[in-house]
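J.: Quick one: the structure is below, questions incoming.
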Amino acid sequence: MGERYLYQKCPFLKALSQEKREQFEIYFQTAPDWLIDSLVVEKIKKGTTFIRENNPADTIYFIVEGLIVATDYRVLGVSYDFMQFQKMYAFGGMEFIMDLDVYKTSLRTVTDSIAVKISRAMFEKWIYSDIKALKYESKLIGEYLLEQARNERIVLLMKGTDRLCLLLVYHYEQYQKDGILCVKEGQKSLADKTGMCLKSINRAVKTLSEQGLIRKQGNKILVEKRQYEEMKALISEKTDIG
């Protein structure tokens, strides 16, 4: 039945952005009806760690709406958000491809989100019988691993103010409204996302404010389009991020 049946079983797809719909359609374009029948939709509240490292990798998650981050809790008990996801990936698919029994990354929702779940057993049955699906999943995993390694190398070599600039540039491109980004999260959250200590974050915020690259409004950080463009230009001078 193909795409038509997919929309019958997942009517929420019609409310998604065109980009998200297309990603979902491409991923499941060769999926058999019995797999579509096994899809389970779940709403996940903001701030929920729905996959924990070292827990049994028995479920595959597709986040069709919302934003999530990969979080590392292993260093001195400090949480470190090292990657955000906007594309639709099969979370748990990497563990299946690598024949791992437990999840290797913790994933947390940044916003209220909608997930589509499949048991690993059903996912495995499908992938083993569909070479196109296997190749596509392998391609997505490769892209993810390359991007993660590249981003980590870039951040590792950056100074504190540059790390914060890069984060604010990414946030502006994802969350700005009417040309203005409003960052309401506290300094602790910014420290987690950049891998910096609170003292370094406070110093970086002060420096960027003095340079006119951000504007403080109480506990909020505001970034206007001009400031975003200036920060992006600064980052582009030091990296190949265009």
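FYI, it's all coordinate maths here, none of it is from the lab. Quantities reported herein were computed from a predicted structural model and do not represent experimental measurements. Cβ: placed from backbone, ideal geometry, glycine included. Neighbour counts: every protein chain shown.
J.: Considering the zone a paramagnetic label at residue 199 would reach in this model (a point 7 Å from Cα along the Cα-to-Cβ line), which residues of the range 151-190 have amide N under 15 Å from it?
T.: Backbone N within reach: 160.
J.: Taking a quarter of the surface of the Cα convex hull of the chain, what do you get in nm²?
T.: Values: hull surface 55.6 nm².
Dividing the Cα hull surface by four gives the mean projection, 13.9 nm².
J.: What residues qualify as long-range amide H neighbours of residue 41, i.e. H under 5 Å apart, gap of 5 or more or another chain, H built at 1.01 Å from N?
T.: When sequence neighbours closer than 5 places are left aside, the close amide H contacts are 117.
J.: Tell me the mean residue ellipticity at 222 nm calculated for the chain from its helices only (DSSP H runs of n ≥ 4, each -39500 (n - 2.57), averaged over every residue, nearest 500). It would help to have the intermediate numbers written out before the result.
T.: Values: 10 runs with 114 residues, N = 242.
Computed mean residue ellipticity for the chain: -14500 deg cm²/dmol.
J.: What helices in the chain pass both tests, a Cα length along the helix axis of 27 Å or more and a mean Kyte hydropathy of -1.0 or higher, using whole DSSP H runs? Can you show the working numbers first?
T.: Numbers: long enough: 131-156 (37 Å, -0.20).
Answer set is 131-156.
J.: Further question: Excluding residues on the same chain fewer than 8 positions from residue 117, give the lysines whose Cα lies under 23 Å from its Cα.
T.: By straight Cα distance, residue 117 reaches 9, 14, 20, 43, 45, 46, 87, 104, 125, 132, 135, 139.
J.: Amide H of residue 57 versus every other amide H placed in the peptide plane: which residues, excluding those fewer than 5 positions away on the same chain, fall under 5 Å?
T.: 102, 103
J.: Moving on. Compute the distance in nm between two label points, each set 7 Å from the Cα along the Cα-to-Cβ direction, one at residue 114 and one at residue 138.
T.: Between residue 114 and residue 138, the label points sit 3.3 nm apart.
J.: Note down the net charge around residue 171, summing +1 for each Lys or Arg and -1 for each Asp or Glu among other residues with Cβ under 10 Å from its Cβ. Intermediate values should be presented prior to the final figure.
T.: Numbers: positive: 193; negative: 173, 185.
Net charge around residue 171: -1.
J.: Run the numbers for residue 25 and residue 173: contour at 0.36 nm per residue of separation, minus the present Cα-Cα distance, in nm.
T.: Working it through step by step, the gained length comes to 50.8 nm.
J.: Where a Cα-Cα gap under 15 Å defines reach, which aspartates and glutamates qualify for residue 193, not counting those fewer than 8 residues away within the same chain?
T.: Partners found: 72, 81, 152, 162, 185.
J.: Can you tell me the relative contact order of the chain? Whole percent, Cα pairs under 8 Å, sequence separation 6 or more. Before the final figure, lay out the partial values.
T.: Values: 345 pairs, mean separation 45.1, N = 242.
With pairs under 8 Å counted, the relative contact order is 19 percent.
J.: Just report the Cα centroid separation between the range 191-212 and the range 35-59, whole Å.
T.: One Cα centre to the other: 34 Å.
J.: What does the highest-first list of 140-150, 161-171, 221-231 look like by mean Cβ count within 10 Å? Don't skip to the end; give the middle numbers.
T.: Values: 140-150: 13.5, 161-171: 21.7, 221-231: 17.8.
Averaged packing, sorted descending, gives the order 161-171, 221-231, 140-150.
J.: Now, a different point. Near residue 118, within a Cβ-to-Cβ distance under 15 Å, what is the net charge of the other residues, with Lys and Arg +1 and Asp and Glu -1? Numbers along the way, then the final one.
T.: Values: positive: 9, 117, 120, 125; negative: 33, 37, 42, 58, 95, 124, 130, 137.
Spelling it out: positives minus negatives among the neighbours equals -4.
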